[in-house]
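Bear in mind that the values in this text are calculations on the coordinates, not laboratory data. Just so we're clear, the structure is a prediction, and the values are computed from it rather than from any experiment. Cβ atoms come from the backbone with ideal geometry, glycine included; neighbour counts cover every protein chain shown.
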């Protein structure tokens, strides 16, 4: 769990679509062939001719130091302790956003193995989402990633801190409002979740999941702040606990 409260949003990023940032270029160079842009989910050292269902349901805490994605992690902080507290990622300004998001979630797999999901924004500004129960490689394949076009993506791997392990609790969550749509992926624990939910339900909010993340979407709905992104800030200011979140809207 994050040590301090923070909000990460693509609203604050200034990356340009034709100039991916350094980590994105690193991922692209290792996993996307420049000539064909064909997708290789895993490096040869981890690939197998068998189906992804043959992968273990528990991820070993040992690290393959030769794995290219290991270079993106802080090796000085690595130890053998369990690190299963959810993982979130946001990609902005790359035409292969969903694939880069997949790779980033694979690197974060040790933070949660109960479920995974990705939300992207299409060219016509529609939020598209695919979620599933299980490991990242069990939820996503080439065909599903093809259904998630766009240069903006957020993703999540789930470890339950509140709510049961049902498909409807797998993030990212997407909500549509009269003023637009928003997707959110959350890592952390909201200690005032029970009170917030009780207050919202008393005032007519209807919850569809048992996840504490859903309260954020309801707080956005009732916020009177303007413009849209200020609703997100207003909602998060009501939260107590340690958390990190990534948001995506129809254009940011």
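Figures for the structure shown
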read-out	value
Dimensionless Rg over Rh [the stretch 192-252; C-alpha; Kirkwood]	0.95
Simple label model, 7 Å out from Cα along Cβ direction - residue 226 to residue 166, nm	3.8 nm
Residue order, fewest to most beta carbons within 10 Å, for 177, 159	177, 159
Highest-first arrangement of 97-106, 235-244, where packing means the average Cβ count within 10 Å	97-106, 235-244
Inverse mean reciprocal Cα-Cα distance (Kirkwood Rh) of the stretch 136-235, Å	15.0 Å
